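Accompanying notes for the structure given below.
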Amino acid sequence: MRTPHARADAAFESLKKKIEGRTARIAVIGLGYVGLPLAVEFSRSGFHVLGIDTEREKVDRVSRGDSYIHDVSSEELGREVRSGRLEATADFSRLLEADCVSICVPTPLRKTRDPDVSSIVSAAKQIAKYLHRGELVILESTTYPGTTDELILPMLEETGLKVGNDFFLGFSPERVDPGNKRFMTKNIPKVVGGVTPKCSKVAVALYKSSMSSVVRVSSTKVAEMVKLLENTFRSVNIGLVNEIALMCDKMKIDVWEVIEAAASKPFGFMPFYPGPGLGGHCIPIDPFYLSWKAKLSGFEARFIELAGQVNSSMPYHVVNKVGEALNSVRKSVRGSCIVLLGVAYKADVDDARESPALDIYQMLTALGAEVSYCDPYIPEIRTERFHIKAKPLTAELLEEADCVVITTAHSDFDYRLIAAKAGLIFDSRNALKGFKSDKIWRL
Ligand SMILES: NC(=O)c1ccc[n+]([C@@H]2O[C@H](COP(=O)([O-])OP(=O)(O)OC[C@H]3O[C@@H](n4cnc5c(N)ncnc54)[C@H](O)[C@@H]3O)[C@@H](O)[C@H]2O)c1
């Protein structure tokens, strides 16, 4: 009989060989903004990939080669599906076929701002059910430090299999930036941390086979913390610049001009820009995973809380400024016709999750305004509280509006037309930089 040590060496060598020879079969659980591009990337580099999602419609669309993610074209998805390398299913029992499994499920916050890791738990339960010797499991979802070691590992070891000997486990944060044409899944360096040195080595081998570069760190907790540092860095810097914008508003200083001039410094300064608030599935959420976990260790994360307060006050500020702008032309918010330009959380993406434009829509509507929106990326919005459809951006719509609010600076918008036809504009993104007129109010 082989010792656990010899068994571990054999499992490790066998998986490494399969990865290097591209014969390893990879399962990606969660085919959203993160999972679908990752599945396509693995498939493109020659692996057989099985995408698993609980949403039937996504499984059907992937199987037809019909992409629902802006950064993945149907052409490239279709090519991988037709090649036979990429498949999708809702059947978790097919995890039995997988040599490597990557978990890319959502990690939202509960209403109390505590982490909701229920999707991770349910994916891990399925993995445990079908766990077999020689398998590599990697968590990619953004989450608090300790999730891999403290939550997933015990669930997998309950099967009787031992990490580092029988199976391998690691964390590798997904750092994709939707809409970014320069840095995508393939060329964003992949940070990887394993539970044991063998786990790290085999996870590094997997990502090296498909990604341009890999950064190995000493543990899963370090890898989990790396992602949270990156997103907290953004949230805090955006919070700082939003506060500077509020300050400049009181002092009648153009914050955009200040930032542009400050950015001329070739060292020690990095420009961040103010706006109507944070959105998306990362920056408004992830720092609270960290502050929640820090609290459990008796540490109060003050920067995170403060940035959260400043950033979440921005939609109110925009609504107040729209009220002021209307007041300056003897109109009230109540009864005014207001058009929001852009409801996606950032320019040129098709994602409206956590978008500040939704808060602004609700606040203006509650004040009695008639609000409509234009967004070429978001044809309709369905939330628990309302369901609205986008209108086409036309000269008539702009002329009829009492105020046009630029909430997202999509590059497809015709800013000349907007500046020419709208009677009053509140620009929360400095999209009309270069246009000078008293009718344009800027954040
Ligand atoms: N969107 C981004 O820009 C981005 C960037 C980096 C990291 N992340 C992180 O990556 C993770 C995934 O984010 P996303 O934006 O891809 O989410 P998403 O909502 O777009 O996709 C998640 C997918 O997982 C599926 N799913 C949910 N529970 C499941 C389960 N138990 N089993 C199988 N499938 C399940 C959903 O149906 C959905 O298709 C999150 O932790 C997020 O914070 C997101």
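Let me have the relative contact order for the chain, percent, based on Cα pairs under 8 Å that are six or more residues apart.
The normalised contact order for the chain reaches 11 percent.
How big is segment 8-58 in terms of Cα radius of gyration and Dmax, in angstroms?
Here Rg and the maximum Cα pair distance are 12.9, 41 Å.
Could you check the simple spin-label distance between T112 and N187, using points 7 Å along Cα→Cβ, in nm with one decimal?
4.5
Sticking with the crude label model, points 7 Å out along Cα→Cβ, report the distance from E396 to F269 in nm, one decimal please.
It works out to 4.7 nm between the two label points.
Hey, in the GNM for the chain with a 10 angstrom Cα cutoff, which one of I127, I259, I26 fluctuates hardest?
I259
If ligands, DNA and RNA are left out, what is the accessible area of E57 with a 1.4 Å probe, given in Å² to the nearest 10?
Around 120 Å² of this residue is reachable by solvent.
For the pair K250 and R330, what calculated FRET efficiency results from E = 1/(1 + (r/R0)^6), where r is the Cβ-Cβ distance and R0 = 25 Å, to the nearest 0.05? Mind showing how you got there, number by number?
Details: r = 24 Å, r/R0 = 0.96.
Computed FRET efficiency for R330 and K250 comes out at 0.55.
Pick out, from L50, F183, L153, the residue whose Cα sits farthest towards the positive end of the charge dipole of segment 46-195, with +1 on the Cβ of Lys and Arg and -1 on the Cβ of Asp and Glu.
Value computed over the given set: F183.
Could you give the C-alpha radius of gyration of segment 335-431 expressed as a fraction of 2.2 N^0.38 Å, taking N as the number of residues it contains?
0.97
For segment 71-192, rounded, prolate or oblate, judged on the Cα gyration tensor with a ≥ b ≥ c (square roots of eigenvalues), a/c < 1.5 rounded, else prolate if a/b > b/c?
Judged from the Cα gyration tensor, segment 71-192 comes out oblate (a/c at least 1.5, b/c at or above a/b).
Give the dimensionless ratio obtained when the Cα radius of gyration of the chain is divided by 2.2 N^0.38 Å.
After normalising by residue count via 2.2 N^0.38 Å, the value is 1.09.
Specify, per residue and in Å³, the volume enclosed by the convex hull of the alpha carbon atoms belonging to segment 286-390.
Taking only Cα atoms, segment 286-390 has a hull volume of 123 Å³ per residue.
Say we join alpha carbon atoms closer than 10 Å with springs in a Gaussian network model of the chain; which of L31, L229, L290 then has the biggest fluctuation?
Residue with maximal mean-square fluctuation among L31, L229, L290: L229.
Just to confirm my numbers, what's the Cα centroid distance between segment 1-46 and segment 269-296 in Å?
Here the two parts' Cα centres lie 32 Å apart.
Taking Rh as the Kirkwood radius computed over C-alpha pairs, what is the Stokes-Einstein D of segment 334-375 at 20 °C in a medium of viscosity 1.002 mPa s, expressed in µm² per second?
D = 204 µm²/s.
First measure r as the distance between the Cβ atoms of R56 and D438, then evaluate 1/(1 + (r/R0)^6) with R0 = 51 Å and state the FRET efficiency to the nearest 0.05. Spell out each step's value before the answer.
Details: r = 54 Å, r/R0 = 1.05.
Calculated transfer efficiency: 0.45.
Rounded to the nearest 0.05, what FRET efficiency is calculated for E370 and K208 with R0 set to 56 Å and r the Cβ-Cβ distance?
My answer for the efficiency is 0.50.
The values are calculated or read from the model by the stated rules, or taken from the named source; none is laboratory data. Remember, it's a predicted structure, so these values are computed and weren't measured experimentally. All Cβ positions, glycine included, derive from the backbone under ideal geometry; neighbour counts span all protein chains shown. Heads up: the accessible areas ignore ligands, DNA and RNA and are worked out on the full protein's heavy atoms, side chains in. Shrake-Rupley method; radii C 1.70, N 1.55, O 1.52, S 1.80 Å.
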